[in-house]
Amino acid sequence: MQTHTSVRRLRKAARLAQHEVAELLGVGQSTVSRIEAGDLPDTAQVFGLQILFDVGPHHIFEGRFLAMAEEIVRKAAEMDQRLQRRGAPAHGRTRTWLREMMNRINVRPA
């Protein structure tokens, strides 16, 4: 999934040009263009975007966030099944935590 939709939308809603966002982040305009086109920014740029637009990374990069959440839930479900087959009592707490985490994330694997 691409990241450009949210970043571009947020920038335009703030009525900022790419070069203005770039100046505020301390990067070149081409970096902002690449982020809007789908390149992942480095951690400092993610924090900068969060500060600029007052939204968390999961909103800025919603498509990537949802894809990652689906992948984690899929892997957690596989782990839960594997632990269930083993049947060891020690795995009960892990399985409980996995199920709580999957419910908290509230997405289902594709």
Of the residues in the range 54-110, those that are within 23 Å of the chain's Cα centre (by Cα), more than 30 Å from residue 8 (Cα to Cα) and hydrophobic (A, V, I, L, M, F, W, C) come to 76, 77, 79, 97, 98, 101, 102
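Results for (1) farther than 20 Å from residue 30 by Cα; (2) surrounded by 12 or more Cβ atoms within 10 Å (Cβ to Cβ), shown as yes or no for each residue.
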{"site": "48", "(1), (2)": "no, yes"}
{"site": "77", "(1), (2)": "yes, yes"}
{"site": "80", "(1), (2)": "yes, yes"}
{"site": "87", "(1), (2)": "yes, no"}
{"site": "96", "(1), (2)": "yes, no"}
Across the range 34-46, what is the total count of residues that are touching a residue at least 12 places away in the same chain (Cβ under 8 Å), buried (at least 16 other Cβ atoms within 10 Å of the Cβ) and not β-branched (Val, Ile, Thr)? 2
Some residue of the range 52-66 being on the phi < 0 side of the Ramachandran plot, surrounded by fewer than 17 Cβ atoms within 10 Å (Cβ to Cβ) and outside any helix (DSSP H, G or I): yes
Residue 48 over 13 Å from the mean Cα position of the chain (by Cα) and assigned by TED's automatic domain parsing to the domain that holds residue 8: yes
Counting only residues that are over 20 Å from residue 58 (Cα atoms) and outside any helix (DSSP H, G or I), the range 70-110 contains a total of 4
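The values are calculated or read from the model by the stated rules, or taken from the named source; none is laboratory data. What you see is a predicted model; the values in this text were computed from it and never measured. So basically every Cβ, Gly included, is an ideal-geometry build from the backbone, and we count neighbours across all protein chains shown.
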